[in-house]
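Notes for the one structure printed next.
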Amino acid sequence: CSFLCDALATASQALVADGIGREDAESVRTVSQTVFSWGLALGLSLSAILWVGTESNFLTDFFTADEGTRLELTKLLTIVILAQPLNSFVFAADGVLQGAEEFPYQAKSMALSVLTAFAVFSALEYTPLLGASDGDTLVHVWLGLIALQSMRALTSFVKLIEKQGPIDLLGLGKQAS
C-alpha cells in the first residue's frame, strides 16, 4: 500500500518544485489539490480492497490457519483499513511539502509526531484506565502509529494552508492581496 502512496508523493514533489521554480502559485495550488484528491481516492480504494480481503477471510487465510492468530490479525487489519485514507494524505502531504523544500518544518513536525505517538502508546500500555490490563500490546503499537500519522497529518495541514506559505492550499493568501 505504501508504495502506491509513495509514487503519488514522488510525483507531487516534482510537480510542486517545478511550479515553485516557475513562481506559479496557482499551478502549485492546483497540483497540490489534485494530488490530495487522488490521495483521498487512493486511500479509500485501498481501504475498500483491504476490507473486502478481510471480510472474505482471504487475507487472514493467506497468512495462517491458526484461529488465535487469525483473531489477532483481524484486529490489526481493522486498524490498517481505517488508517489508509489518513496514510494517503500524509504521504501526499510529504511530497507536496518536500517539493516546497519545507524540510526543517517536516523535521520539527516529525519530532512532535513521535512524541505524540510515544505518549499515546505509553498511556494505552501503562495506564490501567486506558487498557493497560488488556494485554493487547500489538494493538497499542498500531494505535500509537495512528497517533503518529494523525499528528503528521495535522502539522502538514497547518503548513499547507498557511496564507504566506509556499502552498497556500486554500488560496487565502491570494484573497488578502
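Across the stretch 83-91, computed HN-Hα scalar couplings (Karplus, 6.51 cos²θ - 1.76 cosθ + 1.60, θ = phi - 60°) run 7, 4, x, 4, 4, 4, 4, 5, 5 Hz from first to last residue, x flagging Gly and Pro. Per residue, the accessible area of the chain comes to 56 Å² when a 1.4 Å probe rolls over the protein heavy atoms. For the stretch 9-100, the list of trypsin sites (Lys or Arg not before Pro) that fall in a loop by DSSP and count at most 15 other C-beta atoms within 10 angstrom reads 22. Largest accessible area first, the residues 52, 90 order themselves as 52, 90 under a 1.4 Å probe with ligands, DNA and RNA left out. When you restrict to C-alpha pairs under 8 Å that are six or more residues apart and normalise by the size of the stretch 41-88, the relative contact order lands at 62 percent.
Compute the Cα gyration tensor for the stretch 1-150, then decide on rounded, prolate or oblate, letting a ≥ b ≥ c be the square roots of its eigenvalues: rounded whenever a/c is under 1.5, prolate when a/b is larger than b/c in the other cases, and oblate in all that remain. Note, shape of the stretch 1-150 comes out oblate. Could you state the angle between the C-alpha long axis of helix 137-160 and the longest principal axis of the C-alpha atoms of the chain, as a value from 0 to 90 degrees rounded to the nearest 10? Between helix and principal axis, roughly 10 degrees. Taking each DSSP H run with n ≥ 4 as -39500 (n - 2.57) and averaging over every residue of the chain yields -28000 deg cm²/dmol at 222 nm. Working from Cα positions, state the angle (0 to 90°, nearest 10) between the long axis of helix 103-126 and the longest principal axis of the chain. Approximately 20 degrees, to the nearest 10. When only the Cβ of Lys, Arg, Asp and Glu is charged (+1, +1, -1, -1), the dipole of the chain relative to its Cα centre reaches about 460 debye.
With respect to the chain, whose longest principal axis is taken over its alpha-carbon atoms, helix 2-21 is tilted by about 10°. The 1.4 Å probe gives accessible areas that order 60, 78, largest first, as 78, 60. Element breakdown for the stretch 13-135 at a 1.4 angstrom probe: carbon and sulfur atoms account for 68% of the accessible area.
I need the chymotrypsin sites (Phe, Trp or Tyr not before Pro) found in the stretch 46-138, filtered to DSSP loop residues with at most 11 other beta carbons within 10 Å of theirs. Loop-located and lightly packed - none at all. Here the stretch 1-61 and the stretch 99-119 have alpha carbon centers that stand 20 Å from each other.
The values are calculated or read from the model by the stated rules, or taken from the named source; none is laboratory data. Quantities reported herein were computed from a predicted structural model and do not represent experimental measurements. In this analysis, Cβ positions are derived from the backbone assuming ideal geometry, glycine residues included, and neighbour counts consider all displayed protein chains. Side chains are part of the model used for accessible areas, which takes the heavy atoms of the whole protein and leaves out ligands, DNA and RNA. Shrake-Rupley method; radii C 1.70, N 1.55, O 1.52, S 1.80 Å.
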